[in-house]
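What follows is one structure encoded as structure tokens, with my remarks underneath.
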Amino acid sequence: MPFSLKGTEKPKPPIPYVIGWKFTAYSHIPPPPTPMTYDCSSHASFRHEREQTDPVELCLRHPPLPGGCRSDEGDTGNTTSVELQIRGILRAGNKHSAQLVFVDVLRAAVDDDQHYPGLGGLAGTKGQGQRLVAKFYDPLYVDDEGGFLDAFSIADRHYTHETRTYIELADLQGKSIPRYYGSFSVDICVGSSLSSSCSVAAVASSSSSSLSSRRTTKMTRPVRFILIEYLPGTTMMNADPAAYSQQTRQHIMKAVVDFDTAIYARNIMNADLHPRNIILVDGQESQDSNAPPHLVFIDFGFAIFGRTWDGSDERRPHKMFSGIYISPLLLWHESRRSRFDFEEWVDWNWQRWLNAEYKHTASSITKEMRKTYLH
């Protein structure tokens, strides 16, 4: 029987991610990706704590994983900072795994070209008015299914796995994934949704009596986020497959298969490869109205670094042929159901098409590979 905590939801403060919010954030170097598990279900002790505790107080007790950051982890000597202002909403509100907003870069001071190579181009006057997407991993507004899931583990996992993916796939930025401008941390006032400078009075205005004078020395809570390129377009989930010819849809599916195969060769599995996370980008350079759309892949919070969920391939690299190219003839074989989420886009004999399209990779397949991937 599914776990439920119906009726135990406590009130949360207003969403701070609103149009007009101006704030300063500091660079944050993420810790290594958290261990991947099949779920993020919470423990009984945590569920009890959640029932008894104000949501904001819970965030203060369970801050995000540490890393390198000036604002709330201590001065590491890195002075990279950005001043941003929210100009539009992509997806924000309660019960979302992440908050997505358009931001204007008002100021960018970069002192770390190694971790923020893209941000350097936005520094000073060159950065004025540059619009990007900010993705906040805020556990306060994650849908934890009434306490069944651990929102803090979810936020940490998505943040650490997504940042690592963008770094690992740096050469694909601006091509098949968005340009990545770095990871940051912002301190959000616990008592006021639109102020980055907090006061004792602001803390006292919180809805929870637990945030009393004893908590006046802790007036903010840190939230991690990333900045990425905004790409106008439509996700495959929102697009109408019937609007595209079969030839174009085959081009689209080949791009999906090629991307998945390419990152798998680098020991990265995208466990959330889904039409909702693939953008058909607007504004093609080609003047041909029949030109196939360009695909960009987003949302890597479920990326797995290795070839098994539990990381056992790192202990047995020969078992999954770690670091070795695996043909789409195996990865996307119809018996593996890899195309399950793309059924609406495919109205042709999948296996016959796959065999013809990737015939040139057949010589790379060994008997051991076939036994492992088609068992």
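The values are calculated or read from the model by the stated rules, or taken from the named source; none is laboratory data. As the structure is a prediction and not an experimental result, all values here were calculated from the model. Cβ: placed from backbone, ideal geometry, glycine included. Neighbour counts: every protein chain shown. For accessibility, only protein heavy atoms count, side chains too; no ligands or nucleic acids. Shrake-Rupley method; radii C 1.70, N 1.55, O 1.52, S 1.80 Å.
If R0 is taken as 22 Å, the Cβ-Cβ distance between residue 247 and residue 360 corresponds to a FRET efficiency of 0.65. For residue 34, neighbours were defined as the other residues whose beta-carbon sits under 12 Å from its Cβ, and their charges (Lys and Arg +1, Asp and Glu -1) total -1.
Distance between the 7 Å Cα→Cβ label points at residue 370 and residue 230: 5.1 nm.
The order of the peptides 167-175, 102-110 by mean Cβ neighbours within 10 Å, most packed first, is 102-110, 167-175. Legend: residue pairs 10/135; 175/367; 175/359, Cα-Cα distance threshold 30 Å; pairs beyond threshold, 175/367. Here the Karplus curve 6.51 cos²θ - 1.76 cosθ + 1.60, taken at θ = phi - 60°, turns the phi angles of the stretch 232-237 into couplings of x, x, 10, 6, 4, 5 Hz, with x standing for Gly and Pro. Annotation: amide H of residue 233 within the under-5 Å range of 282, sequence separation 5 or more or interchain, hydrogens built in the peptide plane. Using the Cβ-Cβ distance between residue 265 and residue 10 with R0 = 41 Å, the FRET efficiency computed as 1/(1 + (r/R0)^6) comes to roughly 0.30. A 1.4 Å probe, protein heavy atoms only, puts the accessible area of residue 179 near 110 Å².
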